[in-house]
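Peer 1: Right, I'll just put the structure down here and ask away after.
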Amino acid sequence: MTDNINSCDLQASDLNDNQPTSTKSAELYHTSICGSVLHPMATKCPAEIFSLLRHGKLDVFRQSVDVYHQDIIKMKNEHGQTVLHFFIIHAFPHLWVRLLLMRGCDPCCQDNDGHTAVHYAVERDDVEMLKALTFRFDSQIKLFPEEAVIAIHERCLKALSMRDRHGLTPFMISCQYESIKCFNYLIELKINDANLKDNYGDTCLYYAVARRNEIFVDKLIKECSADANDGDKNRPSILDVLQFNREQQKPFDRTKDDSIEQILLANNAVNRRQIRRTFSKRQMSVDDNESTISNLACLSVDSIADPSIEIARNYARLALSYETKRDINNAHESYKLAMNSIPNNILDWADYAVPVATTHLVRGENQLAIDLLQQALALRQRFEKDTEQIFRIKNLLAQYSKN
């Protein structure tokens with residue numbers, strides 16, 4: 001038997017067969033389950049390597065790396081992921097990550113989503129894994145020269161600035177997924193991508209506000225000098241995102257949004273484009289079954305030049321607080337103040353007109369209500385099509401116009 005591991009196979013032959021054993025006539029026993037236990041075989045087949053990792057067979061993987069490491073560090077699975085990606089995603093021991101880096105795995109390699117191994121570590125807020133990917137190797141390690149140590153470290157640091165297919169760096173990912181431990185560690189490394197824009201024109205502060213995470217909002221502004229008015233000027237501002245988000249919450253669950261709003265306003269945040277939920281119907285089958293599909297649309301407002309819109313919104317928030325206390329009269333008056341604070345050609349006016357009209361209906365003042373509802377409907381139909389708000393107004397008009 002030769003010492004070469006590549007040619008060392010296990011074979012099974014009939015004990016009664018006196019003919020010489022050959023690979024053509026004998027069964028390759030090492031391919032069976034029992035045979036693979038008796039004699040694990042090194043492999044460079046990508047499907048087999050990733051199967052070994054999925055099943056935690058690190059001993060055979062290590063054996064394969066020792067023989068075929070140049071092939072293994074470059075191979076990818078169907079998702080475009082290297083073995084380094086795989087080790088991070090499945091939270092293998094940190095030592096293995098260090099060994100793979102020493103073996104030459106490229107930390108800058110991106111998968112089909114544009115993610116590096118660093119992106120995945122940050123996404124999971126695995127700060128120890130992130131450290132394993134970024135710590136410089138000790139120069140006293142004599143396995144390779146100092147130049148190689150420097151080269152590995154430079155590649156690891158470069159991975160921290162790589163963008164995925166949506167334009168997100170690992171720092172931006174930490175804000176998107178609220179990975180606070182990795183976020184703090186990246187700040188320690190002097191990484192600050194707070195004002196970088198993704199492919200859609202949004203910055204980290206957008207993600208933090210969308211997540212309603214006051215800690216991130218505060219840190220981004222105070223520690224990273226995030227601009228409260230940054231982002232694509234043709235898209236909703238950070239303040240627009242907050243105000244839309246708050247409207248989706250129950251009235252008693254808006255304290256968090258109010259607190260974040262105060263931080264943004266203290267940093268001169270302004271409105272740009274209003275976000276609204278729109279609805280459309282989609283045929284689901286040949287039976288003409290329809291499903292309502294919810295989308296978000298951006299509508300331009302003149303909020304930057306017209307402070308009256310924010311005044312109206314303050315009245316509307318006051319009205320909501322009265323509604324939670326079942327104080328209908330004061331809620332009605334607050335909505336009227338909101339409605340009368342702004343021009344009657346923007347959608348906010350329609351928002352405030354409907355609850356005012358509803359109170360008129362409760363009081364039996366049907367004609368006042370119908371006049372307001374007709375104006376609100378005409379205004380909405382200028383900007384929207386088949387939205388939930390339009391259906392609601394039409395139903396009210398249909399119900400009370402008959403009376």
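Throughout, read-outs are computed from the coordinates displayed, never taken from laboratory work. Because the structure is a prediction, the values reported are computed rather than measured. Here the Cβ is made from the backbone with ideal geometry for all residues, glycine too, and neighbour counts use every protein chain on show.
Peer 1: Taking a ≥ b ≥ c as the square roots of the Cα gyration tensor eigenvalues, with a/c under 1.5 meaning rounded and otherwise prolate when a/b beats b/c, else oblate, which class fits segment 43-116? Each step should come with its number before you reach the end.
Peer 2: On the way: a/c = 1.35, a/b = 1.26, b/c = 1.08.
Taking the square roots of the gyration eigenvalues as a ≥ b ≥ c, segment 43-116 is rounded.
Peer 1: Lysines near Lys325 by alpha-carbon distance under 29 Å, same-chain residues fewer than 8 away left out - which ones?
Peer 2: Here the lysines satisfying the reach criterion relative to Lys325 are Lys250, Lys256, Lys336, Lys394.
Peer 1: Rank Leu101, His115, Leu186 by how far each Cα sits towards the positive end of the charge dipole of segment 78-193 (+1 on Lys, Arg Cβ; -1 on Asp, Glu Cβ) and give me just the farthest.
Peer 2: Looking along the dipole axis, the top candidate is Leu101.
Peer 1: Treat every Asp and Glu Cβ in segment 78-193 as -1 and every Lys and Arg Cβ as +1, leave all other atoms uncharged, and give the resulting dipole magnitude about the Cα centre to the nearest 20 debye.
Peer 2: 240
Peer 1: Give me Leu160, Leu205 sorted ascending by neighbouring Cβ count inside 10 Å, so fewest comes first.
Peer 2: Ordered from fewest to most neighbouring Cβ atoms within 10 Å, Leu160, Leu205 come out as Leu160, Leu205.
Peer 1: For each of Phe144, Phe183, Phe252, count neighbouring Cβ atoms within 10 Å of the residue's Cβ, then give the residues from fewest to most.
Peer 2: Ranked by crowding around the Cβ, least crowded first: Phe252, Phe144, Phe183.
Peer 1: Under 1.5 on a/c is rounded, so check that first for segment 78-193, then, if it is not, pick prolate when a/b is larger than b/c and oblate when it is not; a ≥ b ≥ c are the square roots of the alpha carbon gyration tensor eigenvalues.
Peer 2: Values: a/c = 1.70, a/b = 1.37, b/c = 1.24.
Here segment 78-193 falls in the prolate category.
Peer 1: Express in whole angstrom the spacing between the alpha-carbon centres of segment 247-263 and segment 49-112.
Peer 2: So the two Cα centres are separated by 45 Å.
Peer 1: While we're looking at this one, here's another question. What FRET efficiency would be calculated for the residue pair Lys325, Asn366, taking the C-beta separation as r and a Förster radius of 25 Å, to the nearest 0.05?
Peer 2: 0.40
Peer 1: Beta carbons within 10 angstrom, averaged per residue: use that to sort the peptides 169-176, 218-225, highest first.
Peer 2: Taking the mean over residues of other Cβ atoms within 10 Å, the ranking is 169-176, 218-225.
Peer 1: Give the order of Asp71, Asp138 when sorted by the count of other beta carbons within 10 angstrom, beginning with the fewest. Don't jump to the answer; show the numbers that get you there.
Peer 2: Numbers: Asp71 15, Asp138 7.
Lowest count first: Asp138, Asp71.
Peer 1: Which number comes out as Rg/Rh for segment 322-403 once both Rg and the Kirkwood Rh are worked out on C-alpha atoms?
Peer 2: On the way: Rg = 12.4 Å, Rh = 12.9 Å.
Here Rg/Rh amounts to 0.96.
Peer 1: While we're looking at this one, here's another question. First measure r as the distance between the Cβ atoms of Asn314 and Asn229, then evaluate 1/(1 + (r/R0)^6) with R0 = 22 Å and state the FRET efficiency to the nearest 0.05.
Peer 2: 0.65
Peer 1: Still on this structure, I have one more. Would you mind computing, in nm to one decimal, how far apart the modelled labels at Glu388 and Tyr177 are, each placed 7 Å from Cα along Cα→Cβ?
Peer 2: Distance between label points: 3.1 nm.
Peer 1: Between Lys158 and Ala91, 0.36 nm times their residue separation minus their Cα-Cα distance comes to what?
Peer 2: 21.9 nm
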